[in-house]
Amino acid sequence: MGGALSASIVIGGGAAIASIPSSTTGTITACVKASSGAVRIIDAQAGHHCAAGETTLNWSKGYTHRGAWSASVIYSVLDVVTSGGSSYLARAASHGKSPSTNPTYWSLLAARGATGPQGPTGPRGPAGASGYNVVTEYVTVNTGTQQLVDVHCPSGQVPVGGGAHSGNAFPGLGNAQWAYVSESSIDESRTGWASTLVVTPAQGNTYFEANAICING
């Protein structure tokens, strides 16, 4: 067939084992005869060279990407790893040899780039809540009665919480047979916080404080 190339491995001297590809660089070396185009592969690591009238060709068997370097992994020639933002090519088999501090085993393939300039300022985000506001009302509930107190938030704000108490007795605390808050929740219009204040006949007229916690709506 016209133009075909023939290749052979030539090992000089007895039954020596050739280092093809090179055990240190992974390179394959070949000689191409100018007159015929015949190709022969030689063991350059052993000192073999192309003859007169031949052209020397070198190529690699290819790199093996191994990801991020790890001290627990055994690496071979032509393994490629990343470490510290740079990439390195293995020059020799190694185990536990950090690429950045062992140039005998690793060659720098691509150095980590410099930090780039700061990017443009992004668009301004939406305004958040500007804190909260506590609205307080004071009422007196007569003995033996109950009263619904609805503390409303200012215009533009909505309630997120609230409550009421009598003196130092908060809802769920103190002696409920005298005066207490039986119910406390957001009102039906969702514009305030409502509390039902109860005073038993055994208790005289009682002073209550009622609150609504409001935020911007």
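Read-outs: derived from the displayed coordinates by stated rules, not from any lab. Note that the structure is predicted; figures quoted are calculated from it, not measured. No Cβ is skipped: glycine too gets one built from the backbone with ideal geometry, and neighbour counts run over all protein chains shown.
Descriptive notes on the structure:
- Per-pair calculated FRET efficiency, R0 = 45 Å: residue 83 and residue 132 via Cβ, rounded to 0.05: 0.30
- Global geometry of region 132-216, whether rounded, prolate or oblate, following the gyration tensor of its Cα atoms and the 1.5 cut on a/c: prolate
- Charged neighbours of residue 139, selected by a Cβ distance under 14 Å, balance to -3 (K, R count +1; D, E count -1).
- Nonlocal amide H pairs with residue 109, under 5 Å, H built at 1.01 Å: 87, 88, 89
- Cβ-Cβ FRET estimate between residue 182 and residue 139, R0 fixed at 22 Å, reported to 0.05: 0.90
- Sites residue 111 and residue 39, calculated FRET efficiency, Cβ-Cβ separation with R0 45 Å, nearest 0.05: 0.80
- Gyration tensor over the Cα atoms of region 64-110: the corresponding equivalent ellipsoid has semi-axes (square roots of 5 times the eigenvalues, largest first) of 12, 11, 10 Å.
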